[in-house]
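Scroll down for the structure; my scribbles are underneath it.
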Amino acid sequence: MRREPGLIKRILFATDLSFRARHVEEHVALFSQAYEAAVDVVHVLELYPGVYVAVQDHSETDGLLAEVVERLRAPGVSVTAHQETGIPSRQICEFAVEHHADLIMLGTHGRTGLDHILLGSTAEQVLTMAPCPVFTVRAPKGPDARYNNAPVVLEQVIVPVDFSDCSLDALEYGTQLAK
């Protein structure tokens, strides 16, 4: 990947720590190394307002986050883990604002139909509220998806355009990214 100077300095990688999120890690590693960008790995414990849950032991989550940080660590790349609580889409976007993220990277399950209606889509909500560009990676499907070690290949960059000024800016960003 050819580097576009200054395009991406800080990446927010939102992860649910699932095996499917490992697929996104490969993309995060590619971008963070190509741009020498700092990475904030963010995991959100999903809690909604008015719901009280006593959470005391984060050791399992801490361990999983530490593993992600170790896998993403590379020369010239700073990687930091963060745990947040709340509504994932809101926490991700608030974190992006507070930490000046240039790019949010997260996975999407690609749910459709009733699954999408019942389970919602954190990725879709982040796309609508994000203060910066969002790069989503659809999780691979099928029985071999968990063990796929194929190299990351970017075949398409999709940029929705409605010809507004902000969408034309997004198109320019997507073009630079695609290069």
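The values are calculated or read from the model by the stated rules, or taken from the named source; none is laboratory data. Please read all numbers here as calculations on a predicted model, not as lab measurements. A quick note on method: Cβ atoms are made from the backbone with ideal geometry, for glycine too, and the neighbour counts reach across all protein chains shown. Calculation scope for accessible area: heavy atoms of the full protein, side chains included, ligands and nucleic acids excluded. Shrake-Rupley method; radii C 1.70, N 1.55, O 1.52, S 1.80 Å.
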If amide hydrogens are placed 1.01 Å from N in the peptide plane, which non-local residues have theirs closer than 5 Å to the one on residue 81? 41
Other-chain or far-sequence residues with amide H under 5 Å of residue 45's (modelled H): 84, 85, 86
Applying the Karplus parametrisation 6.51 cos²θ - 1.76 cosθ + 1.60 with θ = phi - 60° to the phi angles of the stretch 100-106, what ³J(HN,Hα) value in whole Hz is obtained for each residue in order, glycine and proline being reported as x? 6, 5, 8, 7, 9, 10, 7
Taking only protein heavy atoms and a 1.4 Å probe, the highest-to-lowest accessible-area order of 162, 16 is 162, 16
Contour minus Cα-Cα span, residue 69 to residue 171, at 0.36 nm per residue, comes to 33.6 nm
Probe 1.4 Å, all protein chains in place: accessible area of residue 60 in Å², nearest 10? 140
Taking 7 Å along the Cα-to-C-beta vector as the label spot, tell me the residue 16-residue 97 distance in nanometres, rounded to one decimal. 2.5
What residues qualify as long-range amide H neighbours of residue 135, i.e. H under 5 Å apart, gap of 5 or more or another chain, H built at 1.01 Å from N? 104, 105, 106
Keeping every protein chain in place, order 163, 31 by accessible area at 1.4 Å, biggest value first, i.e. largest first. 163, 31
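Work through the residues other than residue 70 whose Cβ is under 14 Å from its Cβ and net out their charges, Lys, Arg +1 and Asp, Glu -1.
Taking every other residue near residue 70 into account, the sum is 0.
Please give the contour-minus-distance gain from residue 164 to residue 90: 0.36 nm per residue of separation, less the Cα-Cα distance, rounded to one decimal in nm.
Contour length minus Cα-Cα distance gives 24.2 nm.
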Go through the stretch 59-73 residue by residue and turn each phi into a ³J(HN,Hα) via Karplus (6.51, -1.76, 1.60, θ = phi - 60°); whole Hz please, and just put x for glycine and proline. 4, 5, 5, 4, x, 5, 5, 4, 5, 4, 4, 5, 5, 8, 4
